[in-house]
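Structure below; questions to follow.
The values are calculated or read from the model by the stated rules, or taken from the named source; none is laboratory data. Predicted, not measured: the structure shown is a model, and the values here were computed from it. Here Cβ is always computed from backbone atoms with ideal geometry, including for glycine, and neighbour counts include all displayed protein chains. Heavy atoms of the whole protein, side chains included, go into the accessibility calculation; ligands, DNA and RNA do not. Shrake-Rupley method; radii C 1.70, N 1.55, O 1.52, S 1.80 Å.
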Amino acid sequence: MNITSSFFGLIRSINLLLNILVALWLGLCQWTALYNPADKPSLLSLISFTIFFALLANVFYIILWLFSKRKWRSLISIITIVLCWKIVAPICSFNFFGNEGITGSTKGSLKIMTWNVHLFDLGEWTKDKTSQARILKFIKDENPDILCMQEFYWDEKTTLEPYTALIQQLGYPFVEFSKENKLKKNFITNQATKGDVIFTGHAVFSKYPLRNQQRYPLTDKGYNMLSVEAVIDSSHIFCINVLHLTSVGLGRNEMSYIEEVKTKGVDAQDEHKSKSLLRKLRDASFIRAGLANRIDSLKRRMDYPQIICGDFNDVPGSYVYTRVKGRLSDAFVGKGIGLGRTYQHIFPTLRIDYIFYDADYLKVEKYKSPYIGLSDHYPVIATFSFKDTVGL
């Protein structure tokens, strides 16, 4: 009997120690949301990618202690989650009710869609010959009021080709571009003629007039923020800011290695490949932090209520997410469901595409990110009502 009691006592002590460690883990994630890695690359900045798992571990211990005689120990993780709520809240949303608000394109509403279209599958990465046509059909069916795209492209000779004119015919007379890169088309697809050149970058298509287009350089390597003022009517003018922040730049071999590790586990790990991958993740996080600081300083100068959207290549609760969002609100938190995954590779927890908005002027009514395999990213769609017309 004493041996049994001692054994279970040891198990409880081990669990208490582990509980304290996972609470500290979540606390460390909270710290990384405030830690600025722009001064020096640091692996500490990557801890934000583990927030979901730290939260899951703390929830496990809450449940464990609640089903034990020492229920008070559940307060360790409960208090930790409360103290870290700013990074916990964006991880998972449970808005199963009340997400069927107005659908956009109606008076007093504004439907925004942001999507990294991955060059309209120019390199046929999806292996789907109809992907370009399906992307256009999806845009037509969703019918957003303002459509923001990253990794959009247009021909060197005319911005109307190959997709600008087609999208405008769907009911978007107003369009603005911001170039990030110039590429030889035959490097991407063998369907191109030698000498064909394309420009890639951001595009904003709108049913409403756009004015005061600004291209704000974020670095000297092409990254920029496209900023335009959308005039909904004389009482509702919004500053739309579109971003595409630094990606890790993983090649096919690295993506294959990640998939192999996911499938085979520890047996598939290679020390050299893992270190190389961590360095790339660290360096990309370092660059994005600098971009986030620049964006934060830019948005403080803007006169109109803001909407910031795009592909951030960083997770909720990270320094980049925290810095760019600032006092704005996250549409997913208001009306999203589940984990809100927006990137279809690596992990099912990756939400890296966002729509932030000024909650003093807009109320989010609906949010979705359909799992469609037409790009490596899923589109993010949010519908808003204007606060000064709510209830009228």
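Divide by every residue of the chain the summed helix terms, -39500 (n - 2.57) for each DSSP H run of at least 4, and state the resulting mean residue ellipticity at 222 nm, rounded to the nearest 500 deg cm²/dmol.
When only DSSP H runs of four or more count, the value is -11000 deg cm²/dmol.
Note the per residue figure in Å³ for the convex hull of the C-alpha positions in region 336-389.
On the way: hull volume 4.0 nm³, N = 54.
It is 74 Å³ per residue.
While we're on this one: So for each of 329-335, 10-16, 40-46, 309-315 I average, over its residues, the number of other beta carbons within 10 Å; can you give me the resulting order with the highest mean first?
Averaged packing, sorted descending, gives the order 309-315, 329-335, 40-46, 10-16.
Angle between the Cα long axis of helix 51-66 and the longest principal axis of the chain, 0 to 90 degrees, nearest 10?
40
I've got another one for you. Compute the Rg to Rh ratio over the chain from the alpha carbon atoms, using the Kirkwood formula for Rh, and round to two decimal places. Each step should come with its number before you reach the end.
Working: Rg = 23.0 Å, Rh = 22.7 Å.
Dividing the radius of gyration by the Kirkwood radius yields 1.01.
Give me the one-decimal nm value for the distance between modelled label points at LYS194 and LYS129, 7 Å along each residue's Cα-to-Cβ direction.
The two pseudo-label positions are separated by 2.7 nm.
If you don't mind, there's one more thing I want to ask. Please give every one of the aspartates and glutamates within straight-line cross-link reach of LYS273, meaning a C-alpha to C-alpha distance under 14 Å, and leave out same-chain neighbours fewer than 8 residues apart.
Partners found: GLU254, GLU259, GLU260.
Further question on the same structure: Is there a quick way to get the dipole size of the chain? I mean about its Cα centre, with the Cβ of Lys and Arg at +1 and of Asp and Glu at -1; what is the value in debye to the nearest 20?
940
If you don't mind, there's one more thing I want to ask. With an 8 Å cut-off on Cα pairs and a minimum separation of 6 or more residues, tell me the relative contact order of the chain in percent. Walk me through the numbers on the way to the answer.
Details: 730 pairs, mean separation 82.8, N = 392.
Value for the chain: 21 percent.
Moving on. Using only Cα atoms, find the angle between the long axis of helix 252-264 and the longest principal axis of the chain, and express it within 0 to 90 degrees, rounded to the nearest 10.
It is inclined by approximately 30 degrees.
In nanometres, what is the gap between the two model label sites at GLU161 and PHE94, each 7 Å from Cα along Cα-to-Cβ?
5.5
Compute for region 272-392: radius of gyration divided by Kirkwood radius, i.e. Rg/Rh, restricted to C-alpha atoms, rounded to two decimals.
Computed over Cα atoms, the ratio is 1.02.
If you don't mind, another one. Computed over the Cα atoms of region 32-145, what is the convex hull's projected area averaged over all directions, in nm²?
That works out to 13.0 nm².
In Å², and per residue, what accessible area does the chain have when probed at 1.4 Å with the other protein chains present?
Each residue of the chain exposes 50 Å² on average to a 1.4 Å probe.
How far apart, in nanometres, would the label points at ARG341 and SER234 be if each is projected 7 angstrom from Cα along the Cα-to-Cβ direction?
About 4.9 nm separates the two model spin labels.
Now for a separate question. Along the positive direction of the dipole of the chain (beta-carbon charges: Lys, Arg +1; Asp, Glu -1; about the Cα centre), which of GLY310, LEU18, ALA203 reaches farthest?
LEU18
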